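Asks: Sharing a structure here in structure tokens format.
The values are calculated or read from the model by the stated rules, or taken from the named source; none is laboratory data. Here the structure is a predicted model, which is why all the values come from computation and not from measurement. We place every Cβ from the backbone using ideal geometry, glycine too, and count neighbours over all the protein chains shown.
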Amino acid sequence: MIRLLPLALASLFLMVSLSSFSQKQDTTSVKSLAEKPHSIGKAAIMSAALPGLGQVYNRAAWKVPIIYAGFGVLGYLVYSNNVYYQDYKEAYIWVANGSVDTIDNPYAYKYNLNQLQSGMDYYRRNRDLSIIVTSLWYVLNILEAYVDAHFFDYDISEDLSLRVSPAATPNVYTPASVAPGIKITLKF
């Protein structure tokens with residue numbers, strides 16, 4: 001009986017240590033299943049599918065009103081410049097054809113052919129420029145979501161440390177000797 005006591009104690013100790021080891025493994029596996037990595041590509045695709053959705057995915061929902069305000073302003077500029085362009089174009093065609101019928105366009109009676117051509121070119125150029133800027137705003141929205149997703153898991157800690165220590169560096173003029181120096185290490 002006395003011989004079996006150390007064997008029983010050793011087997012009991014082994015069982016306890018194995019069970020505690022398996023419990024630690026189970027909790028880490030459950031934890032790793034619960035934490036899904038933040039996908040950079042998913043943020044960009046979501047923002048491309050619906051502007052602002054990538055920002056919501058990145059937990060930066062405060063940017064969504066800015067994105068839609070930009071689209072609203074640019075959409076208004078596209079619409080407004082297109083309306084003026086169509087009005088000038090209609091008046092230009094009416095004056096160029098020498099029509100005698102009445103037209104409900106104030107520009108037809110107010111400006112001559114050269115002025116109508118100039119106004120038509122001006123508003124067409126502004127409309128096209130507004131469309132280009134709207135496209136750039138859309139691409140910028142996707143790019144912002146992509147870059148913000150890169151910094152999603154970035155550790156911004158308050159622990160900045162500066163360490164100064166002596167160092168020995170090889171001497172440039174005489175390779176066999178060393179020169180004293182100071183090594184400055186910044187940890188951030």
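Asks: Looking at Tyr107, Tyr85, which one is out of contact with any His (no Cβ under 6 Å at 6 or more places or on another chain) and at pLDDT 95 or above?
Replies: Tyr85
Asks: Okay, moving on. Is segment 130-145 home to any residue that is assigned to a strand (DSSP E or B) and not acidic (Asp, Glu)?
Replies: no
Asks: Against the condition more than 30 Å from Lys63 (Cα to Cα) and of a type outside the set (Val, Ile, Thr), how does Ser130 come out, does it pass?
Replies: Spelling it out, it is not the case that Ser130 is more than 30 Å from Lys63 (Cα to Cα) and of a type outside the set (Val, Ile, Thr).
Asks: Just to be sure I understand the filter: pairs with C-beta atoms under 7 Å, separated by 6 or more residues or on different chains, first member in segment 43-61 and in contact (Cβ under 8 Å) with a residue 24 or more places away in the chain, second member assigned to a loop (DSSP other than H, G, I, E, B). Which pairs pass?
Replies: Ala43/Asn58; Asn58/Phe152
Asks: Test each condition in (1) under 30 Å from Glu144 (Cα atoms); (2) among the hydrophobic types (A, V, I, L, M, F, W, C); (3) touching a Phe, Trp or Tyr at 6+ places or on another chain (Cβ under 6 Å); (4) at pLDDT 95 or above for Met120 and report the one that comes out false.
Replies: Met120 satisfies all of (1) under 30 Å from Glu144 (Cα atoms); (2) among the hydrophobic types (A, V, I, L, M, F, W, C); (3) touching a Phe, Trp or Tyr at 6+ places or on another chain (Cβ under 6 Å); (4) at pLDDT 95 or above except (1).
Asks: Can I ask one more? Does at least one position in segment 104-119 carry a residue that is of a type in the set (Gly, Ala, Ser), outside any helix (DSSP H, G or I) and either free of Cβ contacts under 8 Å to residues at least 40 places away in the same chain or out of contact with any Cys (no Cβ under 8 Å at 6 or more places or on another chain) (or both)?
Replies: No.
Asks: Moving on. If you take the residues of segment 84-137 that are of a type in the set (Gly, Ala, Ser) and under 46 Å from the mean Cα position of the chain (by Cα), which of them is farthest from Gly70 (Cα to Cα)?
Replies: Ala91
Asks: Okay, next question. From the list Ser130, Ser161, Ser157, Ser135, exactly one residue is within 30 Å of Gly52 (Cβ to Cβ), exposed (fewer than 10 other Cβ atoms within 10 Å of the Cβ) and among the polar types (S, T, N, Q). Which is it?
Replies: Only one candidate qualifies: Ser157.
Asks: Can you find, within segment 35-68, the residue that is modelled with the lowest pLDDT among those that are surrounded by fewer than 13 Cβ atoms within 10 Å (Cβ to Cβ), outside any helix (DSSP H, G or I) and not aliphatic (A, V, I, L, M)?
Replies: It comes out as Glu35.
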